[in-house]
Structure formats: C-alpha cells, structure tokens
Amino acid sequence: MKNIFTIFSKEIKDILRDKRTLTVMLLIPLVVYPAIFIGITKYMTAQNEKAVAETLRIGIISNGNQSDFETFVSTMPNTKISAISDTTAAKEAILSDSIDVAYFFPEGFDSAVAKLQGTGFQYFYTSTNNEFEVAIVENINTVYKQALVKKKLAQIEVSETVLEPAKSISRNLASAREQLGSVIGGILPYFFIIFCMIGCMYPAIDLAAGEKERGSLETLLVSSASRIEIYTGKLMTVALSGFLSAMASIVGLIISGQIIGSDTASGDEMGQIAKVLADILEPGSIIMMLVILLPLNIFFAAITLMLSIYARTFKEAQSMITPLMILIVFPTIIGMLPGVTLDYTTALIPILNVSLGAKEIISGTIETGPLLLTYAALFVYAAIALIISVRFFNNEKNILRG
Amino acid sequence: MITITNLSKSFQLSRQQKKEMGNAQHGDTVHAVKNISLTCQPGRVFTLLGPNGAGKTTTLRMIATILKPTSGSIVVNGYDTVANGKEVRQNLGFLTGSTGLYDRLTPDETINYFGRLNGMDETTLQRRKKELFDLLGIHEFAHRRVGKFSTGMKQKVSIARTMIHDPQVVVFDEPTSGLDVIAAKSIIELIRQCKRDNKTVILSTHIMSEVNMLADDLAIIYRGDLIYNGLFTDFKQGMREATLEDEFIRMAQEHEPAII
C-alpha cells in the first residue's frame, strides 16, 4: 500500500509538470471549450440583434392594383417600400442588393380578390438571404393573407370563428426541467465522456509506453515494488486525471452557463439553454452522475493503460488509442438523439448507458431499475477491463515488447 | 552471491516476429538461454561476455526478476527469483547504459522515489543520499530537473539510483554503451568500488577491453549456450590466439562453424 502511494504521488507530480497533459486535461475543458461556447452564444445574440434592427427593403410591382398591401406593410417596423416597374427590374434590384424582396401583383388582382375568384401574388428573393429576412417575409405573407380573409368575412358579415370552429389547446405536463433537460441533457454527458477519455489518454500513454521507450520502466520493475503495486499506482493516476478532466468539463459548462445566463442581453434561445443548464445541475444530480462517472473512469483508465503497455513506443500507443475516440463518440452521439431512452437493454451498452443515464438524471426522468442496471453493468465492465489490463501488465511479453 | 542452475529461457514468437526474422528462424520458439549454470561470488567481478543477441540481457533480466525462467533456478543471496522476487530486488541494483530517468523530476526527487520504493526508512535514505551525492558530485544540480542534463550528469544520477539502497548484488547490463569516455570511466570506477565493498558484481558486456580491465570470473555466452565458464586468469593462460577478440571469435567458430 505504501509503495502504491509512493508511485501514485510521483506520477501525479510528474504529470502536473507536463504542460501538454495539463493543457489537455484541464485547460481545454475548463477554459477553451467554455470560451468557445460563450463566444458562439455572444456572436449568435449579436447577429440576432443586428438582424432585428436591420431594415427590410421591399419592392412592389403593383400593375395598377390599389391593393392595401402597401398600407399593410408600411405599418410593420423596419420596412422600406419602393415601387418597381416590372419583374426584370425587380430581379436586377435583388441581385444588385438594392432591395431584399420584390412583390409582384398581377393585373386585376384587386378585383379577383374582391370577387373571390382565386388569384395570387409572387415574391422574389434569393435563398442566400439571411434566415431572419426570410422569416420576416414569410410572416408578412401569412399575416397579409389572414388580413384579406378577415376583411372579406367582415364584408359578408360572417364571424371569424367559421375558420376555426373548435380550437385545440395543448397543455404540456412536463416540467421546464424535463422539457429542456431531455434536449440539452445530452450535451453534458457528451462533454464529460469525451473529456474523461482524453484525460485518461495522455497520462496512460506517458506512464506506460513513454516509460518503456525512455527505459525507466525496466528500472522501476527492478525496484522492490511489486508489479501489481506499480500497476495500481499508475492506474490510479490515469483514472484521477480522467476524472479531473471530466469534472473540469462539467465545471466549465456550468461557469459558461452562468456567464451567459447572467447576461441580460442573452434572452434568446441559447442564453436560456445555458441558464437552464446551470440551474438543473443541483447537488443530487451531480452525485448520481459522479457514481456513473467513477466506473466509466476506471473502464477508460484500464483500457488506455492496457493498450499503452502493449505499445512499443509513445507514437505507437497514440496511434492505437486515438481511434478509440471514434468508438466512444458514436454511442455518445446516439445517446443525444431524441427518442433514445435508458431501458433494460440500453443500460447494458457501455458508454451509451452513461450518456442516456446522465441525460435522464439531468431531466429528472430517470427510473430506478435501468439506473441500477447501468451501475451494475458499468462496474462489471470496469472489473473486466481491469482484469485484462492487469494480465497485460503481468505478461512479460507485453512489458518488454520493444 | 548468485547461483544459477540449469537455467533456460524460451520465447514464443508472434506471427509478426517470425515474419520479421525471415529465414533465420525455424519454428515458433526462440531459445534465448539454454541450460546454463554458473555462480557469482561476493567481492569478485563476474563478466558475461557475448555478442548482441547472445542471451546476456535475458539472463540478467531473469536475475533481476523482470523475466521468469522457463526452467532452472536462480538464487540471489539465498532468495529464489521466482518465489521471493521482492527480497531479491531488495538486495539488487540494476544499471544499464540507458539512464532511464524521469525528465520532469530532479535527482533529489528521483533518489527519494527509488529509496522509498526499496523500503528504506527516511533517516537512512537521507543519509545514504547525502553520501552518494557527495561521492558523485550531484549536490550542485540536485534540485534541477533531469531533462536538460548532459549524459554524464544523467549517468551519475542513474548510479545513485542503483546504489541508494546499498544492494549486495549489482547487475551491470552493458553499462557503458552509448556513454562518452568520462561517463564510461565513472562506471568502471563504480564496478571497482563495488568489488572493494565485497558486493557480488555481474557485468554483461561485448567490449573486450572492459573484460580485460575488470573480470575476475568469465562466462562466454553464445546463441544461448554457455561456451566458457571459469576464472579469467585461466582463460587468458589457455588462449590460443593473440588477442581476446580473436580468441572469442575462434571459440564461437568452434561452437557453430557454419555461422561465423
């Protein structure tokens, strides 16, 4: 036990002095990712505000109609109307960015509308227009058509209720936490699973393949420490690194959520999501997630250490462990998809069970049975990975492969 | 004291290894060490001579408990390497040409680490560390990280690490390979000092001049077979060739004429 602690303390000191490991383990999840998250949110908010403040330039080809479209549009904020002679001029004006959209009303449009003969108008735009402009134009079209209908109904003295004799009103019984948690709950496990793996990866490569390459593993094996003590000290270091990295990613997300949430300008969707993310992470959820994280952490540490022990060199270990990321990202993304839930089958699939379990813990919809099965499955997988990894370390063929 | 009795070591080859070895290898097994027996006495330098790939390092790794023998036994200071691995390692120091140090640790931290792993109490460890640092002149760089040290400085730290627990048996596996003349000289001096201190010293080398300078007892190992085992003075007296190199080649040729 004393030797395990000696090895563990030395390895921790060693990795804390390694700038590359520290960057990957702590700096990226704690600073870089939140900075990107905050940056994207701020940028989207700024773009939104800019789009809302922008004036929509509308050209109208009236063809002699006295339709009230112009009057209707002029009541809308941030619109500027100009008359256009024909469709050729309209197309040129749009392509040269003099106007954003052009409306074409055919001859006799007014009378056709009045006589309910069925007619239509065209509008020209480019699909490269930004999505806010497109949304405003579509809103103008809908509201204008509704206004025509209301006007006609009023003329013939028919109630507007004829259009919708019975209204359907939905009442969603899911709490705000459940609704938002099911959507954004997938983000959190994605982050902590990926960073747990990354946090294990670099120390594992350095502590086994790196030591083998530098020749220091042989001298360590000749010390009085037993092989299992050496392995345990190294495994604890790798696992702690993965755990800290995963925690750093959670802390990073909470901090960025609070920063964005506290920003009064971020009343948009991203800002609200970030705020909820910070709110729903209460201590109970965090403890339940940590219990899931622990066996996952040991599972990752054992696998990365096993491959690193087998590898001849640092480079070979990197090329063996890096593809594992794809195997981990895949079930993590599946877990983020809507409709995929934690049940007695998915609880047995490693990584997917963590992703789904954490998602449902966050949204507060977790059921005890599948959760317990997830814990049990994860502990069994971690134990299997450990047994194989220890056997690898004890095999002289692997340890001296080089 | 080291007693080796009928020691053999075989390795199973993987498909990849077989492919890499091509026609040179027949079958799935390599017999690295074949049924060797020898004894290393305290206060004497036992030299294991042989070309690269002869089985010297495999033998030393079995003595150091890194590898397990396929058959036979090794007893180090009364402890069997398989049954009492920990006790063997407590009595053993192992030095190779590759310094195998941790770049991000200082010499002070490195020596503390290995001293503690070898079960030394704190008082003895600090006293012994001071003695070794005085002897090897490590004090001036004791608290700087090893990463940027010269080979000579690293070798000094490596020696201190090997000797910190004052082992009674010291194994040197080609300790001067890759070292400059000054660093190599400090190793030669260390081996002489171990002999004066009545330690059991086993030195593996393929450098004839080192054999000439240091050997009390000599074993020549060739392709896993022990082709000579005896006093170095007897070996020199019985030489049929003018130089050690020529005598070694003659013996190897006699052992396996088709290859040389």
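Please treat every number below as a calculation from the coordinates, not as lab data. Please read all numbers here as calculations on a predicted model, not as lab measurements. Heads up, the Cβs are rebuilt from the backbone with ideal geometry, glycines too, and the neighbour counts pull from every protein chain shown.
So here's what we get for this one:
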item: Using a Förster distance of 22 Å, the FRET efficiency for A:Ser170-A:Glu138 (Cβ separation, nearest 0.05); result: 0.45
item: Cα-based convex hull, the protein assembly as shown, per residue volume (Å³, whole number); result: 251 Å³
item: 17 Å Cα-Cα reach of A:Lys145 towards aspartates and glutamates, excluding residues that sit fewer than 8 places from it in its own chain; result: A:Asp68, A:Glu70, A:Asp110, A:Glu160, A:Glu164
item: Fewest-first ranking of B:His143, B:His206, B:His165, using other Cβ atoms within 10 Å as the exposure measure; result: B:His143, B:His206, B:His165
item: Counting DSSP beta bridges with both ends in the protein assembly as shown, the antiparallel % (nearest 5); result: 45 percent
item: Zone of A:Gln258's modelled label, taken as backbone nitrogen in region A:35-55 under 16 Å from a point 7 Å along Cα→Cβ; result: A:35, A:38
item: Label point distance in nm, A:Thr161-B:Ala83, each placed 7 Å from Cα along Cα→Cβ; result: 10.1 nm
item: Under 18 Å from the Cα of A:Lys91 - aspartates and glutamates, other chains or at least 8 residues apart; result: A:Asp100, A:Glu133
item: Within region A:55-162: Cβ-based charge dipole about Cα centre, in debye rounded to nearest 20 (Lys, Arg +1; Asp, Glu -1); result: 240 debye
item: Inter-chain Cβ neighbour average for residues B:133-139, partner chain, 10 Å; result: 0
item: Radius 15 Å from Cβ of A:Pro323, net charge of other residues (Lys, Arg +1; Asp, Glu -1); result: 0
item: Debye log10 I(q)/I(0) for region A:105-161, one point scatterer per Cα, at q = 0.20, 0.27 Å⁻¹; result: -0.85, -1.11
item: Percent antiparallel among DSSP beta bridges (both partners in region A:55-162, rounded to 5); result: 25 percent
item: Virtual spin-label span in nm between A:Lys80 and A:Glu54, 7 Å along Cα→Cβ; result: 1.3 nm
item: Modelled FRET efficiency - R0 25 Å, B:Lys68 with B:Gln16, Cβ distances, 0.05 increments; result: 0.65
item: The protein assembly as shown, dipole about Cα centre (Lys/Arg Cβ +1, Asp/Glu Cβ -1), debye to the nearest 20; result: 2000 debye
item: Projected area averaged over orientations for region B:101-166, convex hull of C-alpha atoms, nm²; result: 3.8 nm²
item: Candidates A:Ala301, A:Ala53, A:Ala112: whichever shows maximal mean-square fluctuation once chain A is modelled as a Gaussian network with Cα springs under 10 Å; result: A:Ala112
item: Rounded to 10°, Cα long-axis angle of helix B:151-163 versus longest principal axis of chain B; result: 90 degrees
item: Value in Å of the Kirkwood radius, where region B:48-170 supplies the Cα pairs that are averaged; result: 15.6 Å
item: Packing-based exposure ordering (other Cβ within 10 Å, fewest first) of A:Ile36, A:Ile61, A:Ile12; result: A:Ile36, A:Ile12, A:Ile61
item: Partners for A:Lys359 among lysines (Cα-Cα distance below 21 Å; same-chain residues under 8 apart left out); result: A:Lys275
item: Averaged over B:93-99, number of beta-carbon atoms from partner chains that fall within 10 Å; result: 3
item: Calculated FRET value between A:Asp343 and A:Phe379, using beta carbons and R₀ = 30 Å, to 0.05; result: 0.95
item: For A:223-230, mean number of other protein chain Cβ atoms within 10 Å; result: 6
item: Rh by Kirkwood over Cα pairs, then Stokes-Einstein D for chain B at 0.692 mPa s and 37 °C, µm²/s; result: 169 µm²/s
item: Two-decimal log10 I(q)/I(0) for region A:55-162, as the Debye equation yields it once each C-alpha is a single scatterer, q = 0.18 Å⁻¹; result: -0.91
item: Mean Cβ count within 10 Å, highest first, over the residues of peptides A:187-200, A:312-325, B:99-112; result: A:187-200, B:99-112, A:312-325
